[in-house]
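Quick notes on the structure that follows.
The values are calculated or read from the model by the stated rules, or taken from the named source; none is laboratory data. Only a predicted model underlies this, so the values are computations on that prediction, with no experimental measurement involved. Don't worry about glycine lacking a Cβ; one is built from the backbone with ideal geometry, like all the others, and counts go over all protein chains shown. Note: accessible area is taken over every heavy atom of the protein model, side chains too, but ligands, DNA and RNA are not part of it. Shrake-Rupley method; radii C 1.70, N 1.55, O 1.52, S 1.80 Å.
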Amino acid sequence: MKEFLQLVYEMLGTLLRVLIIMLLVLTFFVRQVNVNGSSMNDTLQHQDRLLTWCFQYTPRQGDIVIITHGAILQDMIIKRVIAVEGQRLTVDYASGEVFVDGMLLEEDYIKGKTIMPHDFTGDTDMVIPEGYVYVMGDNREHSTDSRSVQVNIVPVNNIIGKAFFRLYPLNTFGTLS
């Protein structure tokens, strides 16, 4: 009986250590988020569950990021980084093309055409200021992003992290590109 109780005690101790480590990892390094809406279709779908890397993350062009809120928008949003500080962004709304540092972006992930939203803010040709990024949803015709006064350019401090893995639905389980 004494050996059994010692075994149970050791198992509970191990389980407690694992739970503490998981809690620390999920608090400081990785977060789970749910996609809300269609602004990232077809890359992400409404109710997809994602893992986000948060620890010492620096945004890079092309990353899918989780943002705490926009300029006016209070809800968390998920968008793709189009340009980072110091890069020149040019959007040609007539053709729907996006240029960064004079180079046409190859955006095979977008759905629809890059259109000018009704509450357009900013300029069609700008250099992204220090400490900011310019983000857009992949579903360009149905995305509230940096083109909108509700979001505008995003302070890097408002970025929680980079989405890197889809947990759910199971038929799309895996890493994000």
- In the set ILE77, ILE66, ILE82, which member is under 19 Å from ARG147 (Cα atoms) and in contact with a Lys or Arg (Cβ under 9 Å, 6 or more places away or on another chain)? ILE66
- Item | Given (1) within 14 Å of the chain's Cα centre (by Cα); (2) modelled with pLDDT of 95 or more, number of the condition GLN87 does not satisfy | (1)
- Message: What are the pairs with Cβ atoms under 7 angstrom where one residue, in region 85-105, is in a loop (DSSP other than H, G, I, E, B) and among the polar types (S, T, N, Q) and the other, located anywhere, is open to solvent by less than 40 Å² (accessible area, probe 1.4 Å) and at pLDDT 95 or above? Sequence gap at least six, or different chains.
- Response: GLN87/VAL100; GLN87/ILE128
- Provide a single number: the residues in region 159-177 that are within 22 Å of HIS69 (Cβ to Cβ), modelled with pLDDT of 95 or more and either more than 13 Å from the chain's Cα centre (by Cα) or not small (Gly, Ala, Ser) (or both). 3
- Only one of LEU50, LEU23, LEU19 is outside any loop (DSSP other than H, G, I, E, B) and within 22 Å of THR144 (Cβ to Cβ); which? LEU50
- Message: Taking the criterion of being open to solvent by 50 Å² or more (accessible area, probe 1.4 Å) and either of a type in the set (Asp, Glu) or touching a residue at least 40 places away in the same chain (Cβ under 8 Å) (or both), would at least one residue in region 18-32 satisfy it?
- Response: yes
- Task: Mind counting the residues in region 106-161 that are buried (at least 18 other Cβ atoms within 10 Å of the Cβ), without any contact (Cβ under 8 Å) to a residue 60 or more places away in the chain and in contact with a Leu (Cβ under 8 Å, 6 or more places away or on another chain)?
- Result: 2
